[in-house]
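I have placed the structure first, in the form of structure tokens, so that the comments after it can refer back to it.
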There are 2 protein chains.
Amino acid sequence: MTEWKAYQDANKDRFLNELLHLLRIPSVSANSNHKEDMLHCANVVKQRLEEAGADIVTIYPTDGHPIVYGEKIIDATKPTVLVYGHYDVQPADPLELWHSGPFEPIIKDGKIFARGACDDKGQFYMHIKALEIFTNTNTLGSNIKFLIEGEEEIGSPNLASFVKNNKQLLKADVILISDTSMLSMENPSIDIGVRGLSYIEVEVTGTNRDLHSGVYGGAVANPITILAQMIASCHDANNHITIPGFYDDIIEATPAERAKLAQAPFDEAAYKTDLGITALWGEKGYSTNERTGIRPTLEVNGIWGGYTGEGAKTVLPSKAFAKISCRLVPNQSSAVITQKILNYFNTIAPAGVSVKAEEHHGGEPYMTPIDSIAYRAAAKAVETTFGKEPIPLRGGGSIPICALFEKELGLKIVFLGFGLDSDNLHSPNEKFNLENFYKGIETIPYFHQYFAAMNV
Amino acid sequence: MTEWKAYQDANKDRFLNELLHLLRIPSVSANSNHKEDMLHCANVVKQRLEEAGADIVTIYPTDGHPIVYGEKIIDATKPTVLVYGHYDVQPADPLELWHSGPFEPIIKDGKIFARGACDDKGQFYMHIKALEIFTNTNTLGSNIKFLIEGEEEIGSPNLASFVKNNKQLLKADVILISDTSMLSMENPSIDIGVRGLSYIEVEVTGTNRDLHSGVYGGAVANPITILAQMIASCHDANNHITIPGFYDDIIEATPAERAKLAQAPFDEAAYKTDLGITALWGEKGYSTNERTGIRPTLEVNGIWGGYTGEGAKTVLPSKAFAKISCRLVPNQSSAVITQKILNYFNTIAPAGVSVKAEEHHGGEPYMTPIDSIAYRAAAKAVETTFGKEPIPLRGGGSIPICALFEKELGLKIVFLGFGLDSDNLHSPNEKFNLENFYKGIETIPYFHQYFAAMNV
């Protein structure tokens, strides 16, 4: 519809400025200092939904950060799309590596730089603007609901009970999520799966106090050394994960799927150059795309212990800590894997140290059926605006709530992501290309149109 | 001499208050923020030496922190004792584990709690008070020189050139150092050796920026995982150190020395209870006293990388760091061992990461001959005031400058330490028992008396 594009073109600067305003709010869900910023952000999202034409917009408080729900129902007999997104963002540190303030968005070389630019403020906001386009061009042909939460980056601890208690409110025909990436503007792709997540924190305690490393060194277990040994023992020489039973429940990708995946464009030299490395690393027997898509992983996200300041201190510390997370694939269960990791760490600890391993959060893996109406509508929408059929890919990230959506609401999920892998998600200098933001707003209305048409 | 004891008893409260004043100065040599505190502390030491009767006291600037030199020469033909100590202290963090401020000394249960209480302000100050006693009782029978530096805790980087350039100034018959511990007040001991030190910092770099652990995890080397593998590989299953050539130059302790060491009282149950652990750890084939005395060690003093804040962040970090130090025994060379560790870390790094390993500082091991006049004078002094012959032991700590003293000045060193292993050196809640402080001041004059008499 040229009408949609014309409306966007006439309003594109305002669309961008509204997004920049949203990006200035430091809505970091993991840090309790940002509780008020979270509430403020939820209120801005509510206001924008109302301005875009949503009829009812409500902020639902939770035990954590609030959920924003809005809807535009034109005809209860027509199909309904439930749009899910999140207004919370990852912590911004290490701050010193940002070229500009993480919450002071700037536009440079056609890119918006800010924490949350792509993940997920820039992406869910495309859907609010798509609603505005429908409203102001009077072209909405089906129903839209919005569920924008504030705890995705911390594992959605309060969304499950909200979903269970509000099944009628959330009743829909499909869930649409823009929180993933595509290969490139030239090679559009659609993620057909997201990985699950197990995230634990390990605390290793040796002696009851820090000690002089000369007086006691060599005679008592050093918790940093022990923790390093534990972490080192999690991979074997082929970079397979050694935790007992870790791979037990996996449904291996079929040779057909692996063959299809192998056709996706991948330029290893460019990949290495972009990351500044001379060699890749990973599980023997799998390609890079397989390692990040169809295989589970175990990564250390943080480690600390002892003296970390300037200069030298000859201390033998009392404690050492690590944050460790696994990405999971169908049909690994987050709860089962978490328990296996916790058991493993407790089992391999030598006498002389104690281990406290606790779960941060988790999420189950999820796969979208490629033959579903929802996937076909999404693929057709992308083909309409990009002029090229999208490649179905498995995404490496996690959206913890997907499996629960399917279980509780009986709905399939389609991932219509417009980010790029190079958008520095969860890293300093997160960005979202302006071109992708506008292309997303252009594409989303077609999805609604095609999905409604196919559902008739 | 009852006269010495009487003088001390009449002035003991002032002695203590002067020490507390010294402990209030945060003279942390490792941290450049404390540069002015260091200079202030040097000036206080100078003033106290002058008040105690030293004739010439000079503050010598260096490229780092200044050196305080003072002397009391009564007769150039008499023996001269050079007292070495250091007014700098270890960093105080982790601050949250201190029960009271590290630089707000308090007396509790007969103990002085403060950073530097024992290491080394409380100990070198005993010597200044011994000089005051000699001066005011008019009993000094030989010469005393004081060399109190401000960089011991960072490896004495500027003392070597000072010693080389001031051999005449530092001319003496023996060097006396109180910077070590004894077994207990009931079982006095004298350290006959200190270990050497190699201290390095390792930086492992993977990709050129932090990444999303879902998007890139499993496909590139995680520098924390690699660093953990490197650290884990430094010890084998028997806790022997695996760095090639690490043990090559060691002069093994003789069976006779090991037999003597085995006779030192050691209550394993009490040791474990004090440290709050249920099992010891260490190199197979050696006792705890051997592990901390006659054997070299490799300890991780600090580690950091990735996200270490509250909650969870699914980051795959660009860098990971560790501070690692080795204690060395005769005849390991600090420079040689440091090079072997650096080589080892560079060699085992897989493609896909780069390793930058740098030396912080080092020091050579040192042994005192047990049949020397100096040792015999020290043993007799301890026996005089403790009523029991001291046990010769090997200390676990390091005093980096000892080997240089011997080489440049041709002098033997005697360690007359009055601390206890439980004094929390380099740890939170460092303390020095009042009883040990006063007993040290009582013992030191006898050393001078006996040493002068034996030297005639």
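Miscellaneous remarks
- Volume per residue for chain A equals 156 cubic angstrom (convex hull of Cα atoms).
- Positive dipole terminus of chain A, leading residue within A:ALA349, A:LEU19, A:MET185 (C-beta point charges): A:ALA349
- One decimal place: the segment A:THR62-A:ASN343 gains 98.0 nm when fully extended, by the rule 0.36 nm per residue minus the C-alpha distance.
- For A:GLY276, residues with placed amide H under 5 Å, excluding near neighbours: B:ASN208
- Copies compared at A:LYS12 - label distances in nm, ascending, label defined 7 Å from Cα in the Cβ direction: 8.6
- Three-way shape label, segment B:248-292, alpha-carbon gyration tensor, a/c 1.5: oblate
- Unit charges at the beta carbon, dipole of the protein assembly as shown: most positive-side option, A:TYR271, A:HIS34, B:PRO255: B:PRO255
- Residue by residue along B:268-280, Cβ atoms of other protein chains within 10 Å of the local Cβ number 4 on average.
- Each Lys or Arg adds one and each Asp or Glu subtracts one; over the other residues with Cβ under 13 Å from the Cβ of A:ALA114, this totals +1.
- Derived scalar couplings between HN and Hα for segment A:412-420 equal 7, 10, 10, 9, 10, x, 10, x, 10 Hz in order, rounded to whole Hz, by the Karplus curve 6.51 cos²θ - 1.76 cosθ + 1.60 (θ = phi - 60°), x for Gly and Pro.
- Rg/Rh (Cα only; Kirkwood hydrodynamic radius) as it applies to the protein assembly as shown: 1.10
- Comment: the Cα-to-Cβ extended label point of A:SER233, at 7 Å, lies 1.9 nm from its counterparts in the other copies, nearest first.
- Share of alpha-carbon pairs per 5 Å distance bin for segment A:205-341, given as whole %: 2, 8, 14, 15, 15, 13, 12, 9, 6, 4, 2, 1, 0
- Acute angle (nearest 10 degrees) that the helix A:373-386 long axis makes with the longest principal axis of chain A, alpha-carbon atoms: 80
- For the peptides B:261-269, A:339-347, the ranking by packing is A:339-347, B:261-269, with the highest mean count of neighbouring Cβ atoms within 10 Å listed first.
- Diffusion coefficient, µm² s⁻¹, Stokes-Einstein with Kirkwood Rh over alpha-carbon pairs of segment A:333-456 at 20 °C and 1.002 mPa s: 120
- P(r) of segment B:201-278 over all Cα-Cα pairs, binned every 10 Å from zero, in whole percent: 13, 21, 27, 21, 12, 7, 0
- Along principal axes, Cα extents of segment A:88-176, largest first, whole Å: 46, 37, 15
- At R0 = 35 Å, FRET efficiency that the Cβ-Cβ distance of B:ALA10 and B:ALA256 yields, to 0.05: 0.15
- Two-decimal Rg to Rh for segment B:113-157 - Kirkwood Rh, Cα set: 1.09
- Cβ crowding within 10 Å averaged over residues, with A:64-75, A:281-292 ranked highest first: A:64-75, A:281-292
- Span per principal axis, largest first, for the Cα atoms of segment B:301-383 (Å): 63, 33, 15
- Projected label distance in nm at B:LYS108 and B:LYS284, using a 7 Å step from Cα toward the beta-carbon: 4.3
- Backbone HN-Hα couplings from phi across segment B:87-94 [Karplus 6.51/-1.76/1.60, Hz, Gly and Pro as x]: 9, 7, 10, 5, x, 8, 5, x
- Members of B:LYS35/B:LYS129; A:LYS46/A:LYS121; A:LYS78/A:LYS121; A:LYS388/A:LYS439; A:LYS313/B:LYS407; A:LYS284/B:LYS340 lying beyond 25 Å, as alpha-carbon distances in this model show: B:LYS35/B:LYS129; A:LYS78/A:LYS121; A:LYS313/B:LYS407; A:LYS284/B:LYS340
- Segment B:67-130: Cα Rg divided by the 2.2 N^0.38 Å rule of thumb: 1.50
- Largest first, the three principal axis extents of the alpha carbons in segment B:108-244 are 78, 44, 31 Å in whole numbers.
- Volume per residue that the Cα convex hull of segment A:1-128 spans, once the total is divided by residue count, Å³: 120
- Subtracting the Cα-Cα distance of A:ALA453 and A:THR2 from 0.36 nm times their residue separation leaves 160.5 nm of extension gain.
- Estimated Rh, segment A:351-419: Kirkwood, alpha-carbon pairs, angstrom: 14.8
- J(HN,Hα) series, segment A:343-360, from Karplus relation 6.51 cos²θ - 1.76 cosθ + 1.60, nearest Hz, glycine and proline x: 4, 4, 5, 5, 6, 8, 5, x, 4, x, 10, 10, 10, 10, 10, 10, 7, 8
- Judged by the gyration tensor of its Cα atoms, with axes a ≥ b ≥ c, segment A:394-456 is oblate; a/c meets the 1.5 cut and b/c is at least as large as a/b.
- Cα-centred dipole magnitude for chain B, charges only on beta-carbon of K, R (+1) and D, E (-1), debye, nearest 20: 340
- The overall shape of segment B:272-419, judged from the alpha-carbon gyration tensor, is prolate: a/c is not under 1.5, and a/b is greater than b/c.
- Shape analysis of segment B:269-337 based on the Cα gyration tensor places the equivalent ellipsoid semi-axes at 32, 21, 8 Å, largest first.
Coordinate-derived values only; no laboratory data. Only a predicted model underlies this, so the values are computations on that prediction, with no experimental measurement involved. Counting neighbours? That spans all protein chains shown, and the Cβs are built from the backbone with ideal geometry, glycine included.
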